[in-house]
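Structure first, then comments.
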Amino acid sequence: MSDPMPMSEARRYQQLRGHLSYLKLNDAAEALPRVLDQARAERMTLTTALEKLLEIEVEATEARKLSSRLRFACLPEPWTLNDFDFAAQPGVDEKLIRDLATLRFLDNASNVLLVGPPGVGKTMLAVALARSAVDAGHRVYFTTAAELAAKCHKAALEGRWSSIMRFFAGPRLLVIDELGCAPRSADGSRGMKSPPPVLAGTG
């Protein structure tokens with residue numbers, strides 16, 4: 001246990017913690033006692049202790065942002081590329097998939113279509129690539145083609161076509177699964193201005 005602080009030092013500590021809370025740096029405020037104890041024990045410089053305190057806040061903020069992006073993305077499973085067994089699917093070009101995972105296709109605003117029979121892992125790959133985009137800080141939304149068509153049809157009937165188009169055009173990456181299983185609709189092919197890149201699976 002650390003020695004009791006002098007009153008003036010105690011006031012400074014309370015003031016510092018109050019400043020952190022006022023600035024909504026709540027994780028840094030919570031970590032302040034621990035960081036100060038560590039700084040004294042390890043004889044850290046003021047700069048090192050401050051950097052460590054702010055690093056805690058930055059990491060917590062990034063974790064919250066990631067959690068928010070994942071909630072919005074609606075990914076059906078927490079798959080990543082590490083979960084995909086390329087050896088079990090020799091027909092899948094691993095080099096190409098790894099290249100797609102660099103997300104360069106987003107910079108080029110290119111669409112990606114995963115084509116193949118059922119059971120070869122198209123959905124898993126789409127989710128894994130989408131997760132790579134989420135982890136990189138991009139806004140992603142996952143849907144099935146049937147769900148997309150149903151939402152667009154309902155919005156058209158209710159006079160909300162423009163708003164539903166803005167919603168689907170909003171993410172940096174729109175993932176549409178089971179594309180080959182979707183009912184075709186004339187409404188689904190018009191009206192989206194500046195659509196995001198689409199990563200689609202054929203079902």
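The values are calculated or read from the model by the stated rules, or taken from the named source; none is laboratory data. Only a predicted model underlies this, so the values are computations on that prediction, with no experimental measurement involved. In this analysis, Cβ positions are derived from the backbone assuming ideal geometry, glycine residues included, and neighbour counts consider all displayed protein chains. Keep in mind that these areas ignore ligands, DNA and RNA; they rest on the heavy atoms of the full protein, side chains included. Shrake-Rupley method; radii C 1.70, N 1.55, O 1.52, S 1.80 Å.
Do we have any residue at all in segment 40-61 that's within 19 Å of Arg139 (Cβ to Cβ), modelled with pLDDT of 95 or more and not hydrophobic (A, V, I, L, M, F, W, C)?
yes
Taking the condition of a type in the set (D, E, K, R) and closer than 16 Å to Phe72 by Cα, does Arg160 pass? Taking the combined requirement at face value, the residue does not satisfy it.
So, in segment 130-171, of the ones that are in contact with a Lys or Arg (Cβ under 9 Å, 6 or more places away or on another chain) and in a loop (DSSP other than H, G, I, E, B), which residue ends up most open to solvent (accessible area, probe 1.4 Å)? Top of the filtered list is Arg139. Taking segment 89-129 as the range and being in a helix (DSSP H, G or I), over 17 Å from Pro196 (Cα atoms) and not aliphatic (A, V, I, L, M) as the test, the residues that pass are Glu94, Lys95, Arg98, Asp99, Lys122, Thr123. Annotation: of all residues in segment 86-107 being in contact (Cβ under 8 Å) with a residue 24 or more places away in the chain and open to solvent by 40 Å² or more (accessible area, probe 1.4 Å), the one that is farthest from Arg64 (Cα to Cα) is Gly91. Look at (1) modelled with pLDDT of 95 or more; (2) out of contact with any Asp or Glu (no Cβ under 9 Å at 6 or more places or on another chain); (3) of a type in the set (Gly, Ala, Ser) and you find that Ser110 fails only one, number (1).
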